[in-house]
Amino acid sequence: MPKVKTFYQCQTCGYTSPKWLGKCPDCGEWNSLVEERKETSRVSLPTHFRKSEPQLLSSIKACDEQRTSTGIKELDRVLGGGVVTGSVALVGGDPGIGKSTLLLQALSGLSRYGQVLYVSGEESPEQIKIRAERLSINSDDIVLLSETSLRGILDTALKLTPKAMVIDSIQTAYTEEILSAPGSVSQVRECAAKLMIFAKKSDIPVFLVGHVTKEGAIAGPRVLEHIVDTVLYFEGDRGHSYRILRTVKNRFGSTNEIGVFEMSDAGLREIENPSELFLLERPLNVSGSTVVAALEGTRPLMVEIQSLVSQTNFGMPRRTTIGVDFNRVNLLAAVLEKRAGLHLGGMDIFVNVVGGLRIIEPAVDLGIISTVASSLKDVPIDPKTFVFGEVGLSGEIRAIAQAEVRIKEASKIGFKRAVMPLGNAEKIKNSLGLEIIGVKDVEGTLEAVLT
Ligand code: TYD
Ligand code: MG
């Protein structure tokens, strides 16, 4: 008789403890430890360990990974140029954001190459059929399977040998070898590990749908992110119809790549020129609005940064940021105060990146100081002007990477004036008809943008 051992596992980070604890000592999460059980007699050696001989790096032949296109360019881009055979990709996102829709559309594209398998543990085949009809998908090569047992899923997959497979979702899958409930950390981790081995052995690419917890992490421990090859997050504002697919991890391509979609009544539509979309409703000649030429991966994006600076009503001024780093805004406010003499100490500052985007690269600094100064002084920034550049603590403006790409995108959309670090401005060979203004400190920047 195998002995069943009970332990408590943090559902956020995977920490285990023999006793229940109110707070996870590892990740600090409250009330996240859940009772799980496992059989102790079975020694669980990782099955993917096999004996291998040491070999010289120089003697190994590099083989190009084989990629197939999903027919959705934006998805191919975030995957690094298509689906890699035998890779496992995790797609996370809030409920109702469009994960199932995206993957059904991707499978429909992949069904050009042969049969594909859609495993759903959440919806009945009828429900999926209704969705497919909305998406006008009527391929004869999409096989549906309503199954949650991992053994059942793998048996079917081995029989069919599909060209690609989707598991919707990894939280509903379970393996009998683990006694814990489906969706628990041990189940999710074990199922993902088994699917990973399956994908590598069979060369079938697998997409996993992962639910997101309240805090925005993919439910299940971080280890899930370590197991799979690619982690994609599908984000978007419920109030808006556009969605952003973001690479968080990619063993076969660059991270920081994004794909932009719009949810329409016929499914997800690709947006090829997101800059235009993000600037669509921009108010012109209003203070506290500026456009930054940002870079997401290899992709230039013109985004509007808005700010509102107003007298604080409480003792402590409030700083609220959406889409940019909170600490960065505090730091830049201090730089403005000290180096440009702006009085922000008694002011509430709100900064927002329009369109639900998140921008973390330093090039956004110049945008933040411009919009904050514009709002404080109530002076609008010329709508045909855009900015980019990093701001240092002594108020200097530092050069950033890939200035030319940004200028090209801006000129495509019809911008006329670029305010950028002097270091970048001096190196620009082709200004594409734009007026280039190089600035070297915060004061110079404010002079250039607040005309
Ligand atoms: P879904 O793919 O089911 O989300 P997830 O799997 O991430 O939970 O998408 C659900 C939402 O998308 C739902 O609110 C309806 C909407 N939707 C459309 O607007 N148009 C469509 O063509 C489809 C299929 C869904
Ligand atoms: Mg779904």
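Every number here is computed from the coordinates shown, using simple stated rules; none is lab data. Since the structure is predicted, the reported quantities are computational estimates derived from the model, not experimental observations. So basically every Cβ, Gly included, is an ideal-geometry build from the backbone, and we count neighbours across all protein chains shown.
Structural remarks
- Cα lying deepest toward the dipole's positive end in the chain, options LEU224, VAL442, GLN171, charges on Cβ: LEU224
- Cα gyration tensor of the stretch 1-155 - equivalent ellipsoid semi-axes, whole Å, descending: 35, 26, 18
- Angle in degrees between helix 326-339 and the longest Cα principal axis of the chain, rounded to the nearest 10: 20
- For the stretch 262-416, the antiparallel share of DSSP beta bridges with both residues in that region comes to about 75%.
- Derived scalar couplings ³J(HN,Hα) [the stretch 118-125; Karplus, 6.51 cos²θ - 1.76 cosθ + 1.60; whole Hz; x for Gly, Pro]: 10, 9, 10, x, 10, 10, 7, x
- Degrees, to the nearest 10: 403-413 long Cα axis against longest axis of the chain: 80
- Taking the chain as a whole, the Cys residues whose C-beta sits 4.7 Å or farther from every other Cys C-beta are CYS63, CYS191.
- For the listed residue pairs LYS38/LYS201; LYS38/LYS249; LYS159/LYS194; LYS163/LYS200; LYS61/LYS159; LYS159/LYS201, the alpha carbons are over 21 angstrom apart in LYS38/LYS201; LYS38/LYS249; LYS61/LYS159.
- Relative to the longest principal axis of the Cα atoms of the chain, helix 150-160 runs at roughly 90 degrees.
- Per-bin percent of Cα-Cα distances, the stretch 79-212 [10 Å]: 13, 47, 35, 5, 0
- With the charge dipole of the stretch 383-451 set up from +1 on Lys and Arg Cβ and -1 on Asp and Glu Cβ about the Cα centre, the Cα lying farthest toward the positive end among the listed residues ASN424, VAL391, ALA410 is that of ALA410.
- Estimated distance in nm for a label pair at ASP141 and LYS249, the labels positioned 7 Å out from Cα along Cα-to-Cβ: 3.1
- When +1 charges are put on Lys and Arg Cβ atoms and -1 charges on Asp and Glu Cβ atoms, the dipole computed for the stretch 337-443 relative to its Cα centre reaches about 360 debye.
- Pair GLN66, ASN430: separation of 7 Å Cα→Cβ label points (nm): 3.9
- Inter-part distance where the stretch 73-124 and the stretch 332-364 are each reduced to a Cα centre, Å: 38
- Förster radius 41 Å - calculated FRET efficiency between HIS226 and ASP382 (Cβ-Cβ, nearest 0.05): 0.30
- Average projection, convex hull of the Cα set of the chain: 27.1 square nanometres.
- All lysines inside 19 Å of LYS338 as judged from Cα atoms, apart from same-chain residues fewer than 8 positions distant: LYS377, LYS440
- For TYR174, TYR8, the sequence from fewest to most other C-beta atoms within 10 Å is TYR8, TYR174.
- Straight-distance candidates among the aspartates and glutamates for linking to LYS19, with alpha-carbon spacing under 13 Å and chain neighbours fewer than 8 residues away dropped: GLU35, GLU36.
- Per-residue Cβ neighbour rank within 10 angstrom, fewest leading, CYS63, CYS27, CYS191, CYS13: CYS63, CYS27, CYS13, CYS191
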